[in-house]
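I have placed the structure first, in the form of structure tokens, so that the comments after it can refer back to it.
Quick note: the coordinates plus some simple rules give every number you see, no bench work behind them. What you see is a predicted model; the values in this text were computed from it and never measured. Reconstructed Cβ throughout: ideal geometry from the backbone, glycine too, with neighbour counts over all protein chains shown.
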Amino acid sequence: MTNANLPNNSLLLALEQLYKLDRDFIKIEQLAGTLTVRSHPATFNSLIRIILGQQLSTKVADSIFAKLSNSIEVTPENIAACSEADLRAVGLSRAKVNTCKAVADGILQQTLCLDAFADLSNQSIAAQLTQIKGIGTWTADIFLLFCLDRLDVFPASDLAIQVGYQKLKDLPTRPTAQELVKRMESIDPYGGVAAHLLWHYYRYLNQR
């Protein structure tokens, strides 16, 4: 997993376009400083880390993933070979054990081919991922955005994004995922860029 980096040229160009469509987003870098993003390889290792992050804070998920990585090399073969007790011992819930094992089995049985994702549409990738029990829209969106740099993907169900948008737009209540999807229509196809900014803004708000 890589550390936070400054935006690449594609993201910088997309930021410029987003700012033209919705000038409120300019406020984020003015307040929180230059945007930094995290980019991960489109690998089994990265997908497992994203699964561990479901409904957990980044700090807790990072801790569990570190314990898992220290106990074994995170490969499909090793995850498939681990017992439930072994994986529970490093902090995985029973549900996440089942999901991680299902991903490992999918790769080993070649019903899930991460190497082919670069040539597939967002919809095709999401369909492959969400066929696995325990992987929903959020996990698929995060993999698309962080591992495949699909800047048109907007994880509307993400709590931090909802809170960030509420604060940015000074809304009385936190928008639902459905409401956010509707609001994002005006900045299509730059939802992923907006998501990176809203996470950046959320981190800033929680550090004050």
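Quick rundown of the values:
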quantity	calculated
Qualifying residue in the range 126-145 (condition: acidic (Asp, Glu), within 25 Å of Ala195 (Cβ to Cβ), within 18 Å of the chain's Cα centre (by Cα) and not in a loop (DSSP other than H, G, I, E, B))	yes
In the range 90-100, the residues that are touching a residue at least 12 places away in the same chain (Cβ under 8 Å), surrounded by fewer than 20 Cβ atoms within 10 Å (Cβ to Cβ) and in a helix (DSSP H, G or I)	Ala95, Val97, Asn98
Residue list for the range 101-115, filter: assigned to a helix (DSSP H, G or I) and either surrounded by 12 or more Cβ atoms within 10 Å (Cβ to Cβ) or touching a helix residue (DSSP H, G or I) at 6+ places or on another chain (Cβ under 6 Å) (or both)	Lys101, Ala102, Val103, Ala104, Asp105, Gly106, Ile107, Leu108, Leu114
Helices (runs of 4 or more DSSP H) contained entirely in the range 1-72, each with at least 2 residues that are out of contact with any Cys (no Cβ under 9 Å at 6 or more places or on another chain) and of a type in the set (S, T, N, Q)	9-21, 58-71
Scan of the range 146-176 for residues that are assigned to a helix (DSSP H, G or I) and either over 15 Å from the mean Cα position of the chain (by Cα) or basic (Lys, Arg) (or both), ordered by number	Val163, Gly164, Tyr165, Gln166, Lys167, Leu168, Lys169
